[in-house]
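Colleague: After the structure tokens below, expect a handful of questions from me.
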Amino acid sequence: MKYIASILLLVCATATAEIYKWVDKNGKTHFSDKKPAHLEAEEVKLRVNSFKHVSYEVLGPEEEKPAKTRDEVVMYSTEWCGYCKKARNYFQKNNIPFKEYDIEKSSKAKKEYDSLGGRGVPLIKYGKKLMNGFSIEGFEKFYNNEAKKNSRIIR
């Protein structure tokens with residue numbers, strides 16, 4: 001029983017790991033999961049999740065913002081997100097035009113992301129549809145279905 005309790009304690013401790021940020025005497029910024037003993041460090045609060053599974057949503061008329069990007073692929077991302085990188089590489093390799101907005105570097109992008117109900121990255125918008133997360137198969141179905149829908153509307 002003590003063995004199981006020890007394992008549970010260890011798992012819980014790693015699940016609540018903290019990240020610390022500090023600047024050294026040369027002005028270089030450092031990040032670590034261990035607080036430096038001899039320097040003052042700030043605890044960094046991480047708030048953005050990376051989606052592990054793909055899900056889809058349809059936007060209502062009031063959520064169709066920004067209007068100028070309605071018919072193009074728009075990805076709200078972060079620099080550190082592996083799924084964002086996978087999506088970016090896929091778009092580039094397949095010549096899919098897209099705009100990317102880093103929600104940690106742009107307050108305007110973060111506001112748009114929040115207005116769309118963003119809960120994790122990547123958040124991909126095309127037409128009136130949102131894709132939470134990324135998989136090649138899921139994106140192809142998402143993109144091709146919306147492209148067919150748009151082509152019927154134009155004719």
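Colleague: Restricting to the range 100-122, name every residue that is out of contact with any helix residue (DSSP H, G or I) (no Cβ under 6 Å at 6 or more places or on another chain) and not in a loop (DSSP other than H, G, I, E, B).
Modeller: GLU100, ASP102, SER107, LYS108, ALA109, LYS110, LYS111, GLU112, TYR113, ASP114, SER115, GLY120
Colleague: Further question: Read through the list (1) in a helix (DSSP H, G or I); (2) modelled with pLDDT of 95 or more; (3) aromatic (Phe, Trp, Tyr), then give the number of the only condition that TYR76 fails.
Modeller: Going through the list (1) in a helix (DSSP H, G or I); (2) modelled with pLDDT of 95 or more; (3) aromatic (Phe, Trp, Tyr), TYR76 breaks only (1).
Colleague: Of all residues in the range 109-126, which are in contact (Cβ under 8 Å) with a residue 60 or more places away in the chain and surrounded by fewer than 16 Cβ atoms within 10 Å (Cβ to Cβ)?
Modeller: Matches in the range 109-126: GLY117, ARG119.
Colleague: So if I check each of ARG70, ARG88, which one is modelled with pLDDT under 75, basic (Lys, Arg) and either surrounded by fewer than 10 Cβ atoms within 10 Å (Cβ to Cβ) or within 17 Å of TYR143 (Cα to Cα) (or both)?
Modeller: None of the others qualify; the one that does is ARG70.
Colleague: Here's something else I'd like to know. For the condition among the acidic types (Asp, Glu), modelled with pLDDT under 95 and out of contact with any Gly (no Cβ under 8 Å at 6 or more places or on another chain), what is the one hit in GLU63, GLU137?
Modeller: The conditions single out GLU137.
Colleague: Looking at SER77, SER106, which is the one that is without any contact (Cβ under 8 Å) to a residue 24 or more places away in the chain and more than 16 Å from TYR143 (Cα to Cα)?
Modeller: One residue alone meets the criteria, SER106.
Colleague: For the list (1) out of contact with any Pro (no Cβ under 9 Å at 6 or more places or on another chain); (2) surrounded by 19 or more Cβ atoms within 10 Å (Cβ to Cβ); (3) under 11 Å from VAL73 (Cα atoms), I need the number of the one condition that LYS129 fails.
Modeller: Tallying (1) out of contact with any Pro (no Cβ under 9 Å at 6 or more places or on another chain); (2) surrounded by 19 or more Cβ atoms within 10 Å (Cβ to Cβ); (3) under 11 Å from VAL73 (Cα atoms), LYS129 fails exactly one: (2).
The values are calculated or read from the model by the stated rules, or taken from the named source; none is laboratory data. None of the values given here were measured: they were computed from a predicted structure. Glycine also receives a Cβ, built like all others from the backbone with ideal geometry; neighbour counts cover every protein chain displayed.
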